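S.K.: First, the structure itself, so that you have it in front of you.
The values are calculated or read from the model by the stated rules, or taken from the named source; none is laboratory data. Please read all numbers here as calculations on a predicted model, not as lab measurements. Because the Cβ atoms are built from the backbone with ideal geometry, glycine has one as well, and the counts that use them run over all protein chains shown.
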Amino acid sequence: MNTVNKPFRKKDAMQLVTGQPVYMDDVIPQDCLIVKLLRSPHANAIVKTINTTVAKKVPGIEAIFTWEDVPQDAPRYTQAGQTYPEASPRDRLLIDRHVRFVGDVVAIVAGKDEKCVDKALKLIKVEYEVLEAVLDYHTAKDNPVLVHPEDNWVSLCPVGADNKRNLCAHDESSSGDIDAVLAASDIIIDHVYHTKACQQAMMETFRTYCSIDTYGRLNVLSSTQIVFHARRNIATALHIPKSTVRVAKPRIGGGFGAKQTAVSEVYPAFVTWKTKKPSKIIFSRVESQIASSPRHEMEMHVRLGATKDGIVKGIDLYTLSNTGAYGEHGPTTVGLSGHKSIPLYGKAEAFRFVSDVVYTNHMSAGAYRGYGATQGLFAVESAVNELAHKLNMDPFELRLKNTVQEGDVMPAYYGAVNTSCALDRCLVKVHEMIDWEHKYPMRDMGNGKVRAVGMGMAMQGSGISGMDVGSATLKLNDDGFYTLMIGAADMGTGCDTTLAQIAAEVLDCPLDNITVFGADTDTSPYDSGSYASSTIYVTGKATEKCAMKLRAQICKLGAELLECAEDEVEFDGKDVFKSEDPAQKKSLSEIAYASQFGHMVPLEATETHTSPLSPPPFMAGAAEVEVDTETGEVKLLEFDACVDCGTPINPNLTRVQAEGGLLQGIGMTLTENITYDKNGYPEENSLFQYKIPARTDVGRINVEFESSYEPNGPFGAKSIGEIVINTPLPAISDAIYNAIGTRFYELPITPEQIAMAVAEKQK
């Protein structure tokens, strides 16, 4: 291969590192209305009265909108970026009289500058009827206090939702007689695991710019992963036709799933649609911490049965998920906690997976890299690590006895066949990388310092099977260069580059000969969006098919110019030539120019792809930590990972994806936390309190690849984006156990908890 599996530099790398204007606020007009939101100080309340009279008199204020400007009995919408009909309930109004969490929207204020808007926000007088709030998700289901008592709440999909029970979703699945299998097991691990909500904390906060174009349409430029879904969400929220809305994205300063939810779009859209003036909203970091779309808090009860020689016979998992005040992604994230963890153990004879997703009066959760698999893998992999310790068996040895193999049917993964898998090789590689043989389980370094290792493995998916759609349009331009138009969103992942590599490989041309035009609902072919690890596997396959189609068209016109049949010519990326006489040829440039006069062969192609399969990537990871037993401080000395993502399209970008995901998983395990006070206010409202790890906080991160070949992916590729966040949670947790002898079932694991555990053991 000439282009695929080669470490090309990202197409936008120079613009980014030299500080060129590429992000939304760099490229929009600066003389637009500034939009800000008045937010509720209460977790559950009704707005009795709201007085904006004085605030409207502030010089420069254009408009103030409240619940009185939004019909309260109108159809509701969801901010979730999902294929229609959305699995997430439609449970929002653009401004609702009933506010459901601290930070919920009470009013929209628009003015000529920040100064006047900030002043007006302080002058709005609101009287609330404060209601009892549901703040404990354990008691939310069938609680007499309803988060969504309204009659215009609706769930479009049969996900087991019932707003009269505070139930956003419920599901059950099983195979075999799990109760009998557990009863016959030699050993059972039975524990409840808890992962807190955590923030994506992307560099660029939520932001959107809106204007009215020449044709009276609402043009939306937004930092989003989901241009087509955002268009639907905006139109539904504003109760206007989708034909009147255009959504495009600039370069995105990180998303990690947060921008799979249309958090900011509807508010300036409403302002611009009402005033016909351009407007923008830029969330502050505080707003992005208290009113965004963090990972779902989940509690997982695992019962795992095994034989005394270490064969996992059955897994029983119950997951309780806290969706917060609204249901974005609640019904879909919870499924991954079981369906992306249980299938790892191919020897299991039975499983059961039951889940509930409940409403509470906390900040609404959403999509975050790993999308529920992260939580479930922490629970199941931690249980397997505990099993290894109880059996006095090496955790790697235990995994190798149980791992799913290529060709296996996976009952807990919707009965899918494992079409490609190098997980066993990943395990062997990581064992070698971290020097497990000499480091396991721990080493006392003296002075209260203990070094220890731990490990875990993971699987994810490659798009949503039978649902996600990816498309690509390719056209040959005069002088012989190509334009690739996609609906997938590059959010720093480099998909503009990797998709261009796929096209270049098929078209036998240099990568620089392909110009990529990003997501725009007016010009891009339809694409579900960049989420669910779908871009390379789904949109990449569409790009491959599209390039093959265009290649055939080039040969057709070349044959016409050479006055011969199509099957008599070949194309080497530069020329179309006769197979029997290569000297008779037409250059790509000649063919491109010829298409512009007197010929009817279109040198443009569009292809769409969807897949009934979602082949999982696999990963093994191991951590070495140093624990200070006096202070409880944990230093991550080394993390080694090996990934099976099929064929890496661009090894450099693939490795960077892995390193970034590992860093986020490390943060979730050790430092990142969202806690609420007794009134439901999130206490970590800035990056001073919410601690994300910096590169200096971790030691060596080493990533290698053991590639399988996925026959259904482009050039054998699977996904990489999400799988990489999952292994640090069980690996670091088990390393801490090996260091101090105390096992933790809740994340994050703080120095205070470790120090107290050590002190308790020393009594």
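S.K.: So for region 53-70 (the condition being touching a residue at least 60 places away in the same chain (Cβ under 8 Å), among the polar types (S, T, N, Q) and assigned to a loop (DSSP other than H, G, I, E, B)), does at least one residue qualify?
M.R.: Looking through region 53-70, none of the residues is touching a residue at least 60 places away in the same chain (Cβ under 8 Å), among the polar types (S, T, N, Q) and assigned to a loop (DSSP other than H, G, I, E, B).
S.K.: Of all residues in region 376-410, how many are free of Cβ contacts under 8 Å to residues at least 24 places away in the same chain and among the small types (Gly, Ala, Ser)? Outline the logic, then answer.
M.R.: As a first pass, look at region 376-410 and keep what is free of Cβ contacts under 8 Å to residues at least 24 places away in the same chain: 392, 407, 409.
Right, trim to among the small types (Gly, Ala, Ser) and you get 407.
Summing the residues that are free of Cβ contacts under 8 Å to residues at least 24 places away in the same chain and among the small types (Gly, Ala, Ser) in region 376-410 gives 1.
S.K.: Can you name every one of the helices (runs of 4 or more DSSP H) wholly within region 243-351 that holds 3 or more residues which are under 17 Å from the mean Cα position of the chain (by Cα) and in the same structural domain as residue 411 (by TED's automatic domain parsing)? Full working, then the answer.
M.R.: On the way: elements: 266-275, 285-290, 330-339.
Per the criteria, 330-339.
S.K.: Here are 479, 496: which of them is part of a loop (DSSP other than H, G, I, E, B), touching a residue at least 60 places away in the same chain (Cβ under 8 Å) and among the acidic types (Asp, Glu)?
M.R.: Working: 496 fails: part of a loop (DSSP other than H, G, I, E, B).
Of the residues listed, the single one that is part of a loop (DSSP other than H, G, I, E, B), touching a residue at least 60 places away in the same chain (Cβ under 8 Å) and among the acidic types (Asp, Glu) is 479.
S.K.: Being within 25 Å of residue 7 (Cβ to Cβ), outside the structural domain of residue 408 (by TED's automatic domain parsing) and in contact with a His (Cβ under 7 Å, 6 or more places away or on another chain) is the requirement here; does residue 470 meet it? Give the steps one after another, and end with the answer.
M.R.: Working: within 25 Å of residue 7 (Cβ to Cβ): yes; outside the structural domain of residue 408 (by TED's automatic domain parsing): yes; in contact with a His (Cβ under 7 Å, 6 or more places away or on another chain): yes.
For residue 470, the condition - within 25 Å of residue 7 (Cβ to Cβ), outside the structural domain of residue 408 (by TED's automatic domain parsing) and in contact with a His (Cβ under 7 Å, 6 or more places away or on another chain) - is met.
S.K.: Next up: Have a look at 237, 161, 230 and point out the one that is in contact with a His (Cβ under 9 Å, 6 or more places away or on another chain) and either within 16 Å of residue 273 (Cβ to Cβ) or crowded, with 24+ Cβ neighbours inside 10 Å (or both). Can you show your working first?
M.R.: Details: 237 fails: in contact with a His (Cβ under 9 Å, 6 or more places away or on another chain); 230 fails: in contact with a His (Cβ under 9 Å, 6 or more places away or on another chain).
From the options 237, 161, 230, the qualifying one is 161.
Yes/no per residue for (1) of a type in the set (Val, Ile, Thr); (2) assigned by TED's automatic domain parsing to the domain that holds residue 710; (3) part of a loop (DSSP other than H, G, I, E, B); (4) at negative phi:
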| site | (1), (2), (3), (4) |
| --- | --- |
| 627 | yes, yes, no, yes |
| 642 | no, yes, no, yes |
| 649 | yes, yes, yes, yes |
| 663 | no, yes, no, yes |
| 685 | no, yes, yes, yes |
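S.K.: Touching a Gly at 6+ places or on another chain (Cβ under 7 Å), of a type outside the set (Lys, Arg) and at negative phi, is that true of residue 508?
M.R.: Details: touching a Gly at 6+ places or on another chain (Cβ under 7 Å): yes; of a type outside the set (Lys, Arg): yes; at negative phi: no.
Spelling it out, it is not the case that residue 508 is touching a Gly at 6+ places or on another chain (Cβ under 7 Å), of a type outside the set (Lys, Arg) and at negative phi.
S.K.: Given (1) part of a helix (DSSP H, G or I); (2) in contact (Cβ under 8 Å) with a residue 60 or more places away in the chain, identify the lone condition not met by residue 14.
M.R.: Exception for residue 14: condition (2).
S.K.: For the condition of a type outside the set (A, V, I, L, M), at pLDDT 95 or above, at negative phi and out of contact with any helix residue (DSSP H, G or I) (no Cβ under 9 Å at 6 or more places or on another chain), what is the one hit in 36, 6, 48? Walk me through it before giving the result.
M.R.: On the way: 36 fails: out of contact with any helix residue (DSSP H, G or I) (no Cβ under 9 Å at 6 or more places or on another chain); 6 fails: out of contact with any helix residue (DSSP H, G or I) (no Cβ under 9 Å at 6 or more places or on another chain).
Residue meeting the stated conditions: 48.
S.K.: Looking at region 504-547, which of its residues are assigned to a helix (DSSP H, G or I) and of a type in the set (A, V, I, L, M)?
M.R.: Here is the first cut: in region 504-547, the residues assigned to a helix (DSSP H, G or I) are 504-507, 511-513, 535-547.
Correct list: 504, 506, 507, 511, 536, 538, 542, 547.
S.K.: I'd like to check something: does region 627-639 contain any residue that is in contact with a strand residue (DSSP E or B) (Cβ under 8 Å, 6 or more places away or on another chain) and modelled with pLDDT under 95? First the steps, then the outcome.
M.R.: As a first pass, look at region 627-639 and keep what is in contact with a strand residue (DSSP E or B) (Cβ under 8 Å, 6 or more places away or on another chain): 627-629, 633-639.
Now restrict to residues that are modelled with pLDDT under 95: none.
Checked against the condition, which is being in contact with a strand residue (DSSP E or B) (Cβ under 8 Å, 6 or more places away or on another chain) and modelled with pLDDT under 95, region 627-639 yields no hits at all.
Residue-by-condition table, conditions (1) surrounded by fewer than 24 Cβ atoms within 10 Å (Cβ to Cβ); (2) in the same structural domain as residue 731 (by TED's automatic domain parsing):
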{"site": "543", "(1), (2)": "no, no"}
{"site": "549", "(1), (2)": "yes, no"}
{"site": "565", "(1), (2)": "yes, no"}
{"site": "577", "(1), (2)": "yes, no"}
{"site": "581", "(1), (2)": "yes, no"}
{"site": "587", "(1), (2)": "yes, no"}
{"site": "623", "(1), (2)": "no, yes"}
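S.K.: Any residue that is free of Cβ contacts under 8 Å to residues at least 12 places away in the same chain, within 24 Å of residue 591 (Cβ to Cβ) and among the aliphatic types (A, V, I, L, M) - is there at least one of those in region 499-518?
M.R.: No.
S.K.: Suppose the filter is farther than 25 Å from residue 414 by Cα and surrounded by fewer than 17 Cβ atoms within 10 Å (Cβ to Cβ); does residue 151 pass it? Don't jump to the end; show me each part of the working.
M.R.: Values: farther than 25 Å from residue 414 by Cα: yes; surrounded by fewer than 17 Cβ atoms within 10 Å (Cβ to Cβ): yes.
When the stated conditions are applied, residue 151 passes them.
S.K.: A further question on this structure: Which one of these is in contact with a helix residue (DSSP H, G or I) (Cβ under 9 Å, 6 or more places away or on another chain) and surrounded by fewer than 23 Cβ atoms within 10 Å (Cβ to Cβ): 720, 674, 732, 725? Step through it out loud before you land on a result.
M.R.: Working: 720 fails: surrounded by fewer than 23 Cβ atoms within 10 Å (Cβ to Cβ); 732 fails: surrounded by fewer than 23 Cβ atoms within 10 Å (Cβ to Cβ); 725 fails: surrounded by fewer than 23 Cβ atoms within 10 Å (Cβ to Cβ).
Just a single option satisfies the conditions, and that option is 674.
S.K.: Condition test on residue 688, is it among the hydrophobic types (A, V, I, L, M, F, W, C) and over 26 Å from residue 296 (Cα atoms)? Let's see the steps before the verdict.
M.R.: Details: among the hydrophobic types (A, V, I, L, M, F, W, C): yes; over 26 Å from residue 296 (Cα atoms): no.
Judged against the criteria, residue 688 is not a match.
S.K.: Does any residue of region 603-613 turn out to be among the polar types (S, T, N, Q), in contact (Cβ under 8 Å) with a residue 24 or more places away in the chain and either crowded, with 24+ Cβ neighbours inside 10 Å or assigned to a strand (DSSP E or B) (or both)?
M.R.: Step one: filter region 603-613 for residues among the polar types (S, T, N, Q), giving 606, 608, 610-611.
Cutting the leftovers down to in contact (Cβ under 8 Å) with a residue 24 or more places away in the chain gives us 606, 608, 610-611.
With the extra rule that they be either crowded, with 24+ Cβ neighbours inside 10 Å or assigned to a strand (DSSP E or B) (or both), the set shrinks to 606, 608.
Within region 603-613 (the criterion being among the polar types (S, T, N, Q), in contact (Cβ under 8 Å) with a residue 24 or more places away in the chain and either crowded, with 24+ Cβ neighbours inside 10 Å or assigned to a strand (DSSP E or B) (or both)), the answer is yes, since at least one residue qualifies.
S.K.: Of the residues 100, 92, only one is closer than 20 Å to residue 234 by Cα and at pLDDT 95 or above; which?
M.R.: Every option except 92 fails the conditions.
S.K.: Suppose we keep only residues that are part of a loop (DSSP other than H, G, I, E, B), of a type in the set (Val, Ile, Thr) and under 28 Å from the mean Cα position of the chain (by Cα) within region 133-155. Which one would you say is farthest from residue 104 (Cα to Cα)?
M.R.: Filtering region 133-155 for residues that are part of a loop (DSSP other than H, G, I, E, B), of a type in the set (Val, Ile, Thr) and under 28 Å from the mean Cα position of the chain (by Cα), the one farthest from residue 104 (Cα to Cα) comes out as 134.
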